[in-house]
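Participant: What follows is a single structure, and I will ask about it in a moment.
Just so it is clear, none of the values below were taken in a lab; they were calculated from the coordinates. Predicted, not measured: the structure shown is a model, and the values here were computed from it. All Cβ positions, glycine included, derive from the backbone under ideal geometry; neighbour counts span all protein chains shown.
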Amino acid sequence: MSSYDQSPFASTVRQGRNRIIAVGIVMILAGVAAIAFPLISSLSVVWIVGVMLIVASIAQSVSAFSYPKWGGIILGLLIAALWLAGGLYLLMRPLEGIFGTDSHRCGSFSGRRYNKNAIFIADATSCRLGLGSI
């Protein structure tokens, strides 16, 4: 009997092994689908970020009332309103959300040299031509 079999987690790992393998296969397929369909994956990421901002704004507005002074409460509620506005904006205009994240990424390429990596050259060229991500 090896030291691996004596581990307290060995039986748990053996029981959940098939489930772990299945989740791994599903994650690989989801990654391939995200690469194959970039618009759909970008829309889903923007939607998830919008929902997370709305949930965070609700949590922030509830926790704002735990601050001891009025200044903290007002600041917490203002931050919650900002997060709510950002989340609603992303949900109502997801294509603009994609453009905003893509143009921010493309803006980071200006002024750099790309002699070593052809992927960065192609990506920077596509950003400069307004093609977005390739």
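Participant: Set the Förster distance to 30 Å, then compute FRET efficiency between Val62 and Arg14 from the Cβ-Cβ distance, nearest 0.05.
Facilitator: The value I calculate is 0.10.
Participant: Given a Förster distance of 22 Å, report the FRET efficiency between Ala81 and Met52 from their Cβ-Cβ distance, rounded to the nearest 0.05.
Facilitator: Efficiency, from the Cβ-Cβ distance: 0.85.
Participant: Give the calculated FRET efficiency between Ser7 and Ser41 to the nearest 0.05, with a Förster radius of 25 Å applied to their Cβ-Cβ distance.
Facilitator: 0.05
Participant: Give or take rounding to whole Å, what are the principal axis extents of the alpha carbon atoms in segment 38-92, in descending order?
Facilitator: If we take the Cα atoms of segment 38-92, the spans are 46, 14, 11 Å.
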